[in-house]
1. Looking at the stretch 158-167, is at least one residue without any contact (Cβ under 8 Å) to a residue 40 or more places away in the chain and basic (Lys, Arg)?
2. Filter the stretch 168-189 down to residues that are open to solvent by less than 50 Å² (accessible area, probe 1.4 Å), more than 18 Å from the chain's Cα centre (by Cα) and in contact (Cβ under 8 Å) with a residue 12 or more places away in the chain, then give me how many there are.
3. If PHE171 passes every condition in (1) touching an Asp or Glu at 6+ places or on another chain (Cβ under 9 Å); (2) outside any strand (DSSP E or B) but one, which one does it miss?
4. Need a quick list: strands (runs of 3 or more DSSP E) entirely within the stretch 26-80 having at least 1 residues that are open to solvent by 40 Å² or more (accessible area, probe 1.4 Å), in contact with a strand residue (DSSP E or B) (Cβ under 9 Å, 6 or more places away or on another chain) and not polar (S, T, N, Q).
5. Restricting attention to the stretch 41-52, which residues are in contact (Cβ under 8 Å) with a residue 12 or more places away in the chain and not hydrophobic (A, V, I, L, M, F, W, C)?
6. Would you mind telling me which numbered condition in (1) part of a strand (DSSP E or B); (2) in contact with a helix residue (DSSP H, G or I) (Cβ under 7 Å, 6 or more places away or on another chain) SER153 fails?
7. Which one is nearest to VAL164 (Cα to Cα) among residues in the stretch 7-19 that are touching a strand residue (DSSP E or B) at 6+ places or on another chain (Cβ under 7 Å) and open to solvent by 70 Å² or more (accessible area, probe 1.4 Å)?
8. Which residues, counting only those in the stretch 99-133, are surrounded by fewer than 18 Cβ atoms within 10 Å (Cβ to Cβ), modelled with pLDDT under 90 and not small (Gly, Ala, Ser)?
Amino acid sequence: DVFARYVLAIDYDALVIDVFEPANFGYRGDGTSLPVWIEHGETFVTAQLYADGRMAPAKLKLDTGSTSFLGLNGSFVDQNNLVAESRARIPATGAALGGLPEHFVSRLDSLVLGPWTIARPVAAFSASLARDGDAGTVGADLLRRFRCIFDYSRRRLILEPRPVLKEAVGFDASGLMLIATGPRLDSLQVLAVTPDSPGA
């Protein structure tokens, strides 16, 4: 509702969110505007995913609350044969509103979003094949590489690339999922541990 009511500009590096009234907002920067659309209160953007010489167009949900780079539904991965048996994959922990679903992690060849191509992105995908309809989510590890302006009143996402865009996409292979707890979020709790991992 907040994203729909206002224009929000999120600068992950500066740890700042700027809030604008849509009627008074006029963009004058040099960012790139991508079309977005809203279905049942969720906002989507399109991208292209490449793996083993194949391209799969992907309808991806914008998820500023996800710490991942790219989260894919198992049904989408299966239907598009994105992660072949020969491609390395490792088990990983995942967290969602429904609990701790079983996940795997692999690297794709590239992701194309607007004019940008990001090499070897890390994609987490669920073991479950139950969900269908969209490809998955774009998380904060991708969005933090831009200053993101969410202008839903004009059905657009404006992206201003940051130097961090050129950094390789990393992955925490510790096997630990940690969360911050307490009134000041200054305590750490181990939420989940992947079996046979360094964390275990």
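The values are calculated or read from the model by the stated rules, or taken from the named source; none is laboratory data. Since the structure is predicted, the reported quantities are computational estimates derived from the model, not experimental observations. So basically every Cβ, Gly included, is an ideal-geometry build from the backbone, and we count neighbours across all protein chains shown. Surface areas here come from the heavy atoms of the whole protein model, side chains and all, with no ligands, DNA or RNA. Shrake-Rupley method; radii C 1.70, N 1.55, O 1.52, S 1.80 Å.
1. Within the stretch 158-167, one or more residues are without any contact (Cβ under 8 Å) to a residue 40 or more places away in the chain and basic (Lys, Arg).
2. 2
3. (1)
4. 32-35, 37-39, 42-51, 54-62
5. Within the stretch 41-52, GLU42, THR43, THR46, GLN48, TYR50, ASP52 qualify.
6. (1)
7. Checked the stretch 7-19; the qualifying residue nearest to VAL164 (Cα to Cα) is ILE17.
8. Listed by number, the residues that qualify are LEU100, PRO101, GLU102, LEU129, ARG131, ASP132.
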